[in-house]
Every structure is written in structure tokens, then in C-alpha cells.
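Chemist: Sharing a structure here in C-alpha cells format.
The values are calculated or read from the model by the stated rules, or taken from the named source; none is laboratory data. Here the structure is a predicted model, which means the values were calculated and not measured. Cβ coordinates were reconstructed from backbone atoms using ideal geometry, including for glycine residues, and neighbour counts include every protein chain displayed.
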Amino acid sequence: MNMNAVKIIALVSLIAGGCWLFGLGLTVYDQFFHGPTASLSKEIKPKETAVNEQQLHLVALGDSLTRGTGDETGKGYVGYTLDALRKKTKRPIQVTNLAIKGQQSTQLVTQIQKVEVQRQLRQADFVFMTIGGNDLFQGGEALRNFSRARIDEAKKVYLKNLDSVFRTIRAINPRAVVFYIGLYNPFNQLNNAKMTSAIVREWNYASAEVAARYPNIIAVPTYDLFELHVNDYLYSDQFHPNKEGYKLIGERVASLISFSKGGK
Amino acid sequence: MTNLVYNEMLKVVRKKRLLIVASIIAVLVALFTYAQFRHVQDVQKRLGTSDWRTQLQQQIIDTQNRLNSSGLAEEWRKFLQIRLQQQQYYLDHDINPSAPGAPTFMRMFVENSIELFLPLMIMVVVADLVSSEASGGTIKLLLTRPVKRWKVLLSKYIAMLLSVSFIVLLLALLSYLISGAVFGYGGWNLPLLTGFTINGEELNTTNVHLIAQWKYLLVELSLAWFVSVVVGTLTFMLSVLMRSTAAVMGVMLAALISGAILSSMVSSWQSAKYLFMVNLSLTDYISGTAPPITGMTLGFSMSVLAVWGLVALFVSFIVFTKRDVY
């Protein structure tokens with residue numbers, strides 16, 4: 001081995017060592033003696049990025065149904081809708097799925113106040129959403145200890161939230177088409193089916209009424225899809241749709257979207 | 001003294017260990033660069049966009065969904081919760097924590113190698129520094145010279161410090177040069193957030209401030225160096241205590257790997273925080289990740305490591321100067 005190489009390595013190491021020692025001093029200063037900075041506390045508005053005019057933006061909001069819980073492929077109805085849309089148009093499609101499992105309407109109201117969520121909504125051409133399932137069923141709780149008064153209470157809150165969500169979306173983005181996907185009755189085959197079905201129907205009717213107050217918000221029914229063979233379309237938790245169930249919803253939503261020449 | 005140190009450096013370089021370490025780092029960096037490249041492409045394809053805000057938002061939603069699933073281990077839930085708040089903070093302040101570029105890759109590489117990979121490399125170089133003299137019998141020749149014993153050991157220790165500094169430098173340079181070929185060499189001035197403190201499940205952001213990426217990297221690399229010096233000192237002590245290099249490596253390897261395993265399961269064993277191997281991930285405090293045991297802070301971990309290092313140094317010198325050599 002060349003003697004000089006050893007000297008060079010030793011020298012380089014020495015310099016590097018000095019450098020790391022300096023860095024350590026910097027670390028101690030930066031981490032232990034740094035006061036809070038005031039400049040960061042203010043909210044920074046993100047810069048709007050140039051939107052690709054060609055690209056279609058889909059934004060999905062809501063709960064586990066939009067997330068696709070129960071579909072082993074993980075696609076959910078959003079995925080199947082997307083598959084169908086890709087056949088209909090050659091434009092590139094971007095999907096942002098902001099749905100959170102177990103989300104209730106109150107949480108959705110908070111979620112769409114977030115800066116980034118609003119930015120996504122502003123770019124959206126289509127918005128898909130499901131909400132209310134958790135408000136109504138609370139994981140089956142509300143139907144097991146059935147109480148009319150409690151359901152009415154939940155409904156009141158829910159409708160107010162739904163209206164607020166629709167209003168916010170319309171204020172942010174007046175042109176996007178919003179598909180509000182209604183509820184089905186997963187307990188169709190159980191003892192008190194008559195009662196639960198009536199509640200779900202009323203719930204859907206009231207939601208559709210809220211949707212009708214705003215332009216371009218479409219209430220898409222799913223109640224009929226699951227009415228006859230509910231067990232064939234439910235996942236093993238007897239609550240969420242399975243792959244076939246999601247396909248049905250996806251086909252229905254996709255059939256509502258057409259790309260005529262020029263516009264959408 | 002300088003000559004002694006030079007002599008020791010000569011031995012280190014002659015053994016070609018540094019060369020081996022350099023090649024291992026180069027191969028790994030190349031592997032990770034490719035993996036990262038594939039990952040970036042995959043995310044872009046899945047989301048149909050390269051806009052980082054959309055990607056980060058999607059990550060936040062994914063984390064929220066994971067938090068809502070039942071049967072999530074308590075430690076993991078806490079970890080996710082803290083990361084979630086941090087990601088939201090980055091998003092709210094319009095800062096991209098993972099803008100593509102060699103410096104970002106370097107940062108991730110250092111953060112991921114500080115706990116196990118880097119200490120292993122240090123161990124490879126340091127393990128036989130003293131023990132090989134004992135097992136090879138050359139220690140007698142060394143000690144018959146008219147030089148005090150502590151001076152002999154000190155020169156070895158300084159050679160160890162130099163090698164450690166060199167390895168950390170190698171890690172920095174190689175990860176920068178190799179990953180830059182794919183991600184580009186820019187991004188030194190990217191602003192990053194640091195100073196997060198963690199109180200239970202909450203992320204405290206009162207001390208959060210922006211620093212440029214180059215400074216952030218310097219901080220992380222120097223912490224990596226600090227960890228390496230401590231690990232090097234411990235290996236050095238074992239090398240003094242044991243004649244067999246294989247035994248030194250075995251003990252260190254067991255300690256380091258147990259540390260990596262322990263960190264993920266010690267949250268309920270409070271006193272484990274005094275073990276050195278649980279405290280190796282110093283960079284986690286800079287980036288604001290939840291520590292393995294509640295109540296651990298950067299100051300705490302650095303002190304624990306420093307105490308272990310000093311004790312090891314002390315033991316090495318006592319044993320080496322007092323021991324009978326035959």
C-alpha cells in the first residue's frame with residue numbers, strides 16, 4: 001500500500017471528524033437552544049399548481065363504502081367506476097380517494113375544511129361520496145337497541161351536516177358533478193327487516209331532498225340493488241358490500257357519466 | 001504519538017477493511033436507489049399524478065384508515081398517530097418532506113442505517129483492532145517497544161476515531177453520488193421542519209422551526225457519527241477484553257440486533273431505555289418520530305450513549321494497562 005494513501009486517508013478522516021464534531025455542536029445548539037419561531041404559526045396558502053386541462057380529476061369522499069371495505073381487490077365502487085370510465089374516454093384520469101373508514105357526517109364536515117382537501121375539490125371534475133351509514137347504523141348498534149327517538153336525533157344532525165358538506169363543495173367548486181351515493185339496507189334478511197327498511201328509505205329520501213337543493217348534486221340510489229339478493233352482495237361482515245356488490249354500485253355510477261363531444 | 005497513530009492507520013488501511021466497507025455501502029446504496037426509484041414510479045402510476053400534495057394527502061388518508069381498523073397494537077397506533085399529525089403539519093405549511101433529489105435520499109439512508117447498518121460497518125473495522133494483536137501474538141512486539149502502554153492503546157483509539165469519521169464520510173459521499181445519478185444532485189436548500197417534541201400521543205409543535213436540508217443533513221450525519229463513535233468504543237473495549245475477533249463480533253452483533261428487535265417491543269419495559277442499543281436511533285428525534293419508550297428525548301439518549309461510551313473507554317484503558325501479557 002502506498003504510504004501517501006494512508007496519509008491522505010488519515011488527513012481526510014481528520015477533516016471529516018472535525019466536520020462531524022462541528023455538526024454535533026450545531027445539533028446541540030439547534031435542538032436544545034432554539035426558541036419557538038413565530039413565522040411558522042401562520043397558515044400558508046398552497047400555490048395552485050397548473051392544472052392539466054386534459055386530465056380528469058375524481059375526488060372520492062366519505063366512509064368505508066367509498067374506501068372499498070369488503071372488496072378483497074381493494075377497488076371498491078370507485079375502482080369499478082374508474083374501470084368503466086377508462087373505457088369511455090381516453091383522457092387521463094386522476095383519482096384521489098379521501099374516504100376514511102368509520103367516518104361520520106360530523107367528521108366529514110371537519111375534513112373538508114382542510115386546506116389540501118379543498119384544493120383537491122377545487123380541481124375536481126367529479127366528486128363521489130357516501131356518508132351517513134355510520135351515523136345511522138353506528139355499527140349495528142342503533143338497530144339492535146332500536147329507538148325511534150335516537151334515530152330521529154341522529155338524522156337531524158346528519159341532515160344538517162350533509163347540507164353543510166354540499167354547501168361547502170358547491171362554494172369551492174361550482175362546476176363539479178357530485179354523486180351522492182345512497183344507503184342500502186344490509187339487514188334486509190333479518191327479523192325486523194320491515195322496520196329497518198322503512199328507516200333506510202326515509203333516510204335516503206331526506207338525503208335526496210337535501211341534494212336537490214343544490215345544482216349538479218345527484219343522489220344515486222343503491223337501495224334497490226341490494227333489495228332482492230342482499231346476502232349475495234354482502235361481505236362476510238354482513239354489513240359492507242362484497243366485490244359483486246361494489247361492482248353493481250360502480251356500474252350504476254358509471255352509467256350516469258357520459259362524455260359527449262366537447263363537454264363532459 | 002503521531003507516528004504511532006500513523007502506524008495504526010497503516011494497519012487499518014492494509015487490512016483493506018475500509019475498502020470492503022466502501023463496497024458494501026456502494027452496493028446497498030445502489031440497491032436502495034433502485035428500490036426508491038421503483039417506489040416513486042409506482043406511487044405516480046397509482047395516483048395518476050406526481051403532485052406531492054396529492055400524494056401526501058393520500059398517505060394521510062391511508063394512515064387514518066389504518067388507525068380506524070381494530071386490532072392495531074397500541075405502540076403502532078401511537079406511532080401512526082404522531083406521524084399523521086406530522087404529515088398534516090407539513091401539508092398545512094406547504095412543505096414537501098420528500099422532494100426528490102440526492103440529498104433527500106441521503107437523509108433517508110442515514111435515518112435508516114443509523115440503528116443497525118452503520119454500527120455493523122463500524123464493527124467490521126473496529127472489532128480486530130486490539131484482539132488481532134493478541135491472537136496473532138504481535139502484541140508482545142508492540143509492548144516491548146519503549147512506549148507507555150496507554151500511549152499504544154490511545155494511538156489505536158485515535159485510529160478508531162479516524163476510521164469511524166472516514167466511514168461516515170464514505171456513507172455520505174457514496175449515497176450522494178450514486179443516488180444523484182437517478183434523482184439529480186440538487187435540493188440542498190429545501191426547507192425541512194425539525195424540533196417536534198412528543199407528549200404521549202400528541203405532537204407538540206411549539207419548537208418547530210425550518211432548517212435547510214444541508215443543515216439538516218449535517219445534523220443527522222453528525223448524530224450518526226456520534227452513534228458510530230459510541231458503538232466503536234464499545235467494540236474497542238470488547239476487542240481489548242477478548243482475544244478472539246470472532247467473539248467480539250459475535251457479542252456486538254447480538255447486542256446490535258437485539259437492540260433493533262427490542263426497540264419495537266420495549267414500550268412497556270421502562271428501564272430498557274438505559275440500554276445503549278435502544279438509544280441508537282438519534283435521527284428519529286430530529287425528524288419527530290415517536291421514540292420506542294415514552295419519555296425518551298434526544299438529550300436523554302445522547303447522555304445514555306455518552307455514559308456507555310465513557311465507561312467502555314475507561315474499562316479499555318484500565319484493563320489494557322493492568323493486564324499481564326504472556
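Chemist: In the set A:Gln55, A:Gln103, A:Gln107, A:Gln94, which member is facing chain B (nearest Cβ under 10 Å), without any contact (Cβ under 8 Å) to a residue 24 or more places away in the chain and at negative phi? Don't jump to the end; show me each part of the working.
Modeler: Details: A:Gln55 fails: without any contact (Cβ under 8 Å) to a residue 24 or more places away in the chain; A:Gln103 fails: without any contact (Cβ under 8 Å) to a residue 24 or more places away in the chain; A:Gln94 fails: without any contact (Cβ under 8 Å) to a residue 24 or more places away in the chain.
Of A:Gln55, A:Gln103, A:Gln107, A:Gln94, the one residue that is facing chain B (nearest Cβ under 10 Å), without any contact (Cβ under 8 Å) to a residue 24 or more places away in the chain and at negative phi is A:Gln107.
Chemist: Is it the case that some residue within the range A:169-186 is farther than 21 Å from A:Leu256 by Cβ, more than 24 Å from the chain's Cα centre (by Cα) and free of Cβ contacts under 8 Å to residues at least 40 places away in the same chain? Quick ask: steps written out before the conclusion?
Modeler: Step one: filter the range A:169-186 for residues farther than 21 Å from A:Leu256 by Cβ, giving A:171-172, A:185-186.
Going one step further and asking which of them are more than 24 Å from the chain's Cα centre (by Cα), we end up with none.
The answer is no; no qualifying residue exists.
Chemist: A follow-up question, please. For the range B:62-79, enumerate the residues that are crowded, with 16+ Cβ neighbours inside 10 Å and of a type in the set (A, V, I, L, M).
Modeler: Just the residues of the range B:62-79 that are crowded, with 16+ Cβ neighbours inside 10 Å, to begin with: B:63-65, B:67-68, B:75, B:78-79.
Hit for the range B:62-79 is B:Leu67, nothing else.
Chemist: Going by what's in this entry, would A:Ala198 be described as modelled with pLDDT under 95, more than 19 Å from the chain's Cα centre (by Cα) and part of a helix (DSSP H, G or I)?
Modeler: On the way: modelled with pLDDT under 95: yes; more than 19 Å from the chain's Cα centre (by Cα): yes; part of a helix (DSSP H, G or I): yes.
The answer is yes for A:Ala198.
Chemist: I'm trying to understand the selection: among the residues of the range A:6-35, which are more than 7 Å from chain B (Cβ to nearest Cβ) and closer than 20 Å to B:Lys156 by Cα?
Modeler: Answer for the range A:6-35, where residues must be more than 7 Å from chain B (Cβ to nearest Cβ) and closer than 20 Å to B:Lys156 by Cα: A:Lys7, A:Ile8, A:Leu11, A:Ile15, A:Gly18, A:Leu21.
Chemist: Do we have A:Ile257 as surrounded by 13 or more Cβ atoms within 10 Å (Cβ to Cβ), aliphatic (A, V, I, L, M) and closer than 28 Å to A:Lys156 by Cα here?
Modeler: Numbers: surrounded by 13 or more Cβ atoms within 10 Å (Cβ to Cβ): yes; aliphatic (A, V, I, L, M): yes; closer than 28 Å to A:Lys156 by Cα: no.
Considered against the rule, which asks whether it is surrounded by 13 or more Cβ atoms within 10 Å (Cβ to Cβ), aliphatic (A, V, I, L, M) and closer than 28 Å to A:Lys156 by Cα, A:Ile257 comes out as no.
Chemist: Taking the range B:276-326 on its own, how many of its residues are buried (at least 16 other Cβ atoms within 10 Å of the Cβ) and closer than 16 Å to B:Phe226 by Cα?
Modeler: Within the range B:276-326, residues that are buried (at least 16 other Cβ atoms within 10 Å of the Cβ) and closer than 16 Å to B:Phe226 by Cα number 21.
Chemist: If I filter the range B:50-59 for residues that are farther than 24 Å from A:Thr69 by Cβ and among the hydroxyl-bearing types (Ser, Thr, Tyr), do I get at least one hit? Working first, answer last.
Modeler: Going residue by residue through the range B:50-59, those that are farther than 24 Å from A:Thr69 by Cβ are B:50-53.
Subset that is among the hydroxyl-bearing types (Ser, Thr, Tyr): B:50.
Checked against the condition, which is being farther than 24 Å from A:Thr69 by Cβ and among the hydroxyl-bearing types (Ser, Thr, Tyr), the range B:50-59 yields at least one hit.
Chemist: Of the conditions (1) out of contact with any Leu (no Cβ under 9 Å at 6 or more places or on another chain); (2) of a type in the set (A, V, I, L, M, F, W, C); (3) modelled with pLDDT under 90; (4) within 14 Å of A:Ile249 (Cβ to Cβ), A:Ala219 fails just one. Which one is it?
Modeler: The failed condition is (3).
Chemist: Considering only residues that are among the charged types (D, E, K, R), more than 12 Å from chain B (Cβ to nearest Cβ) and not in a loop (DSSP other than H, G, I, E, B), which ones fall in the range A:82-91?
Modeler: The initial filter retains those residues of the range A:82-91 that are among the charged types (D, E, K, R), namely A:83, A:86-88, A:90-91.
Next, from what is left, pick out any that are more than 12 Å from chain B (Cβ to nearest Cβ): A:83, A:87-88, A:90.
The answer is A:Asp83, A:Lys87, A:Lys88.
Chemist: Follow-up question, since we're still on this one. Just to be sure before I move on: is B:Arg149 modelled with pLDDT under 85 and not β-branched (Val, Ile, Thr) in the structure I sent? Break it down stepwise before answering.
Modeler: Numbers: modelled with pLDDT under 85: no; not β-branched (Val, Ile, Thr): yes.
Against the criterion (modelled with pLDDT under 85 and not β-branched (Val, Ile, Thr)), B:Arg149 does not qualify.
Chemist: I'm told B:Ala99 meets every condition in (1) of a type in the set (Gly, Ala, Ser); (2) touching a Gly at 6+ places or on another chain (Cβ under 9 Å); (3) assigned to a helix (DSSP H, G or I) except one. Can you identify the failing condition by its number?
Modeler: (3)
Chemist: When you scan the range B:258-269, how many residues do you find that are surrounded by 14 or more Cβ atoms within 10 Å (Cβ to Cβ), modelled with pLDDT of 80 or more and of a type in the set (A, V, I, L, M, F, W, C)?
Modeler: 2
Chemist: Looking at B:Gln36, is it among the polar types (S, T, N, Q), closer than 17 Å to B:Gly101 by Cα and surrounded by fewer than 18 Cβ atoms within 10 Å (Cβ to Cβ)?
Modeler: Numbers: among the polar types (S, T, N, Q): yes; closer than 17 Å to B:Gly101 by Cα: yes; surrounded by fewer than 18 Cβ atoms within 10 Å (Cβ to Cβ): no.
No: the conditions fail for B:Gln36.
Chemist: Follow-up. Tell me, yes or no, whether the range B:31-44 has at least one residue that is within 14 Å of chain A (Cβ to nearest Cβ) and either under 22 Å from the mean Cα position of the chain (by Cα) or not β-branched (Val, Ile, Thr) (or both). Quick ask: steps written out before the conclusion?
Modeler: Our first condition is that a residue be within 14 Å of chain A (Cβ to nearest Cβ); within the range B:31-44, this holds for B:43-44.
If we keep only those that are either under 22 Å from the mean Cα position of the chain (by Cα) or not β-branched (Val, Ile, Thr) (or both) too, we end up with B:44.
Yes.
Chemist: Taking the range B:156-166 as the region of interest, how many residues are more than 9 Å from chain A (Cβ to nearest Cβ) and more than 12 Å from A:Ala10 (Cβ to Cβ)? Explain how you work it out, then say what you get.
Modeler: So in the range B:156-166, the residues more than 9 Å from chain A (Cβ to nearest Cβ) come out as B:156-158, B:160.
Going one step further and asking which of them are more than 12 Å from A:Ala10 (Cβ to Cβ), we end up with B:156-157, B:160.
So the answer is 3.
Chemist: Somewhere in the range B:7-23, is a residue modelled with pLDDT of 85 or more, part of a helix (DSSP H, G or I) and away from every other protein chain (no Cβ under 14 Å)?
Modeler: There is at least one residue in the range B:7-23 that is modelled with pLDDT of 85 or more, part of a helix (DSSP H, G or I) and away from every other protein chain (no Cβ under 14 Å).
Residue-by-condition table, conditions (1) in contact (Cβ under 8 Å) with a residue 12 or more places away in the chain; (2) part of a helix (DSSP H, G or I); (3) closer than 27 Å to B:Gln88 by Cα:
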| position | (1), (2), (3) |
| --- | --- |
| B:Ser268 | no, no, no |
| B:Ser271 | no, yes, no |
| B:Met277 | yes, yes, no |
| B:Ile286 | yes, yes, yes |
| B:Ala290 | yes, no, yes |
| B:Gly295 | yes, no, yes |
| B:Gly299 | no, yes, yes |
| B:Val304 | yes, yes, no |
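Chemist: Let me ask something additional. What is the number of the single condition among (1) part of a helix (DSSP H, G or I); (2) small (Gly, Ala, Ser); (3) closer than 30 Å to A:Gly70 by Cβ that B:Ser70 does not meet?
Modeler: Here B:Ser70 clears every test but (1).
Chemist: Let me ask you something else. Scan the range B:117-147 for residues that are of a type outside the set (A, V, I, L, M, F, W, C) and in a loop (DSSP other than H, G, I, E, B) and report the count.
Modeler: Restricting attention to the range B:117-147, the residues satisfying the condition of being of a type outside the set (A, V, I, L, M, F, W, C) are B:119, B:128, B:131-133, B:135-138, B:140, B:144-146.
Next, from what is left, pick out any that are in a loop (DSSP other than H, G, I, E, B): B:137, B:145-146.
The total comes to 3.
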